[in-house]
Amino acid sequence: MSFDYINALLKKPVSRTPIWVMRQAGRYLPEYRATRKKAGDFMSLCKNPELACEVTMQPIDRFDLDAAILFSDILTIPDAMGLGLYFSEGEGPKFKRPIQTLADIKAIPSEVNNDLTYVFDAVSTIKTALGTRAPLIGFSGSPWTLATYMIEGGSSKTFAKTKAMLFNDPKILHLLLDKLADSVIAYLDQQVLSGADSLMVFDTWGGVLSKANYLDFSLSYMQKIVNGVKAKHPNTPITLFSKNGGKHLNEIANTGCDGVGIDWTVELSEVEKQIGSEVAIQGNLDPAVMYGTPEVIRTEVKKVLSQFKGDTGHIFNLGHGITPDVNPENMKVLVDSVHEFSTRP
Ligand code: 1CP
């Protein structure tokens, strides 16, 4: 079986530029909101493999997407570590027991797969539902990004507590990051064994660090993950995405990952020149283009596609997740125009 999405990641010939969209299963779809209501709340949806499969398939049924992504969340690992994750209506994620001290970190189990069987069951359920229609992307958060939520107790704008730990007690933070990296390796390994065809690591908050701290506290742990997962699954492509990571692309590409995700603040043509001979590149339409008219979306799609010069090695995506107030009709315009403008002769 040959998928353009996998072929593009491995720089093999493609029939057209493949596209999937971060948060493609989510609140902009009315059928997603209906299934979430049926589940009760967001975490109950994640923890029910049948319903997680249902929402994973919703964008696949509606649009001509080239890959499905497991419906879950990056915060499943901290939840399994006992931090007590909850989502209150209209608010972001929160932890009842955030990490504050060395003792908290020592108390964390580093192997948590036993409490994450619902994720692996979702992967195998989705895999059966997908059949040969599209490949399945498994994922995890990066250790740094997970640590910010665990230390702040939820979302943050300043990362005050995490950065205070970074500067005051770097050894303690490294201990947490190392435990997280081990958990992530075991988690991604089990996702592949359950049927995931490719893997993505979301480093949403890597871009808030200085260069030296990015390399030390974020990238080195993603490196450990690439090494650990590749040792077990050398043929499963891995994509790393550090939002706002445009200044670190050479270092990211040098980890041995297969794909690098980029946001819209960097020029795709420049990124291709810089790292395009080593890795595939995923991105990078500004998510706000999805508020445009169909004509604007088509024009902006053309601009992104025309920047990439290679025959393969580009996976179209937004530079970050699709927002909840986007009209689903615009998603169809996006997906169809990427295919229309990129079909190889
Ligand atoms: O109310 C709802 O229905 C919850 C909204 C929602 C959704 C749809 C959350 C809560 N998570 C998700 C699904 C999700 N999260 C997926 C599903 C697959 C898909 O892409 O379709 C994925 C891959 C994630 C990953 C995720 N969760 C990230 C990394 C990617 C990114 O967007 O930067 C992060 C940072 C999270 C944390 C999180 N979970 C949910 C929210 C609202 C947040 C972000 C909070 C914040 O901004 O700090």
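The values are calculated or read from the model by the stated rules, or taken from the named source; none is laboratory data. This structure is a prediction, so every number in the text was calculated from the model and none was measured. Because the Cβ atoms are built from the backbone with ideal geometry, glycine has one as well, and the counts that use them run over all protein chains shown. The protein model used for the area step is the full one, side chains on, heavy atoms only, and it has no ligands, DNA or RNA in it. Shrake-Rupley method; radii C 1.70, N 1.55, O 1.52, S 1.80 Å.
The table below gives the values:
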| quantity | calculated |
| --- | --- |
| Scope region 268-287; condition open to solvent by 50 Å² or more (accessible area, probe 1.4 Å) and either small (G, A, S) or under 24 Å from I238 (Cβ atoms) (or both); matching residues | E270, K273, Q274, S277, E278 |
| Count of region 164-214 residues which are more than 23 Å from A80 (Cβ to Cβ) and out of contact with any Ser or Thr (no Cβ under 9 Å at 6 or more places or on another chain) | 11 |
| Subset of region 299-344 (residues that are farther than 26 Å from G246 by Cα, assigned to a helix (DSSP H, G or I) and basic (K, R)) | K332 |
| Per-region count, region 187-206, residues under 22 Å from G131 (Cβ atoms) and among the acidic types (D, E) | 1 |
| Which numbered condition S277 fails, given (1) under 17 Å from the mean Cα position of the chain (by Cα); (2) within 19 Å of H314 (Cβ to Cβ); (3) not in a helix (DSSP H, G or I) | (1) |
| Matching residues, region 160-174, being open to solvent by less than 40 Å² (accessible area, probe 1.4 Å) and within 8 Å of F217 (Cβ to Cβ) | L166, L173 |
| Residue match in region 125-133 (condition: under 28 Å from H248 (Cβ atoms), touching a residue at least 40 places away in the same chain (Cβ under 8 Å) and either open to solvent by less than 20 Å² (accessible area, probe 1.4 Å) or in a helix (DSSP H, G or I) (or both)) | no |
| Residue check, Y86 open to solvent by 60 Å² or more (accessible area, probe 1.4 Å) and more than 9 Å from the ligand (Cβ to nearest atom) | yes |
| Hits in region 96-116 - residues which are buried (at least 16 other Cβ atoms within 10 Å of the Cβ) and over 21 Å from the mean Cα position of the chain (by Cα) | P98, I99, D104, I105, I108 |
| Region 18-43 - residue that is over 17 Å from V326 (Cβ atoms) and under 19 Å from the mean Cα position of the chain (by Cα) and, of those, farthest from the ligand (Cβ to nearest atom) | P18 |
| Hits in region 169-227 (condition: among the charged types (D, E, K, R), assigned to a helix (DSSP H, G or I) and within 17 Å of the chain's Cα centre (by Cα)) | D189 |
| Filter result for the condition that a residue is under 25 Å from A122 (Cβ atoms), buried (at least 20 other Cβ atoms within 10 Å of the Cβ) and free of Cβ contacts under 8 Å to residues at least 60 places away in the same chain, over L188, L177 | L188 |
| Selection within region 137-158 - within 11 Å of the ligand (Cβ to nearest atom), within 26 Å of A196 (Cα to Cα) and either open to solvent by less than 10 Å² (accessible area, probe 1.4 Å) or among the acidic types (D, E) (or both) | I137, G138, S140, G141, S142, T145, L146 |
| Matching residues, region 197-214, being aliphatic (A, V, I, L, M) and either farther than 24 Å from D263 by Cβ or open to solvent by less than 10 Å² (accessible area, probe 1.4 Å) (or both) | L199, M200, V201 |
| Subset of region 16-73 (residues that are under 25 Å from R344 (Cβ atoms), open to solvent by 10 Å² or more (accessible area, probe 1.4 Å) and among the small types (G, A, S)) | none |
| Among residues of region 1-14, those that are open to solvent by less than 60 Å² (accessible area, probe 1.4 Å) and either part of a loop (DSSP other than H, G, I, E, B) or closer than 25 Å to A288 by Cα (or both), counted | 3 |
| Single unsatisfied condition, K38 versus (1) in a helix (DSSP H, G or I); (2) among the basic types (K, R); (3) at positive phi | (3) |
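Yes or no, residue by residue, for (1) under 29 Å from E31 (Cβ atoms); (2) touching a Pro at 6+ places or on another chain (Cβ under 8 Å); (3) not charged (D, E, K, R):
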residue: L249; (1), (2), (3): no, no, yes
residue: E278; (1), (2), (3): no, no, no
residue: A288; (1), (2), (3): yes, no, yes
residue: K332; (1), (2), (3): yes, no, no
residue: S337; (1), (2), (3): yes, no, yes
residue: F341; (1), (2), (3): yes, no, yes
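Matching residues to (1) aliphatic (A, V, I, L, M); (2) surrounded by 24 or more Cβ atoms within 10 Å (Cβ to Cβ); (3) touching a residue at least 24 places away in the same chain (Cβ under 8 Å); (4) not in a strand (DSSP E or B):
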| position | (1), (2), (3), (4) |
| --- | --- |
| L249 | yes, no, yes, yes |
| G256 | no, no, yes, yes |
| D263 | no, no, yes, yes |
| V266 | yes, no, no, yes |
| I297 | yes, no, yes, yes |
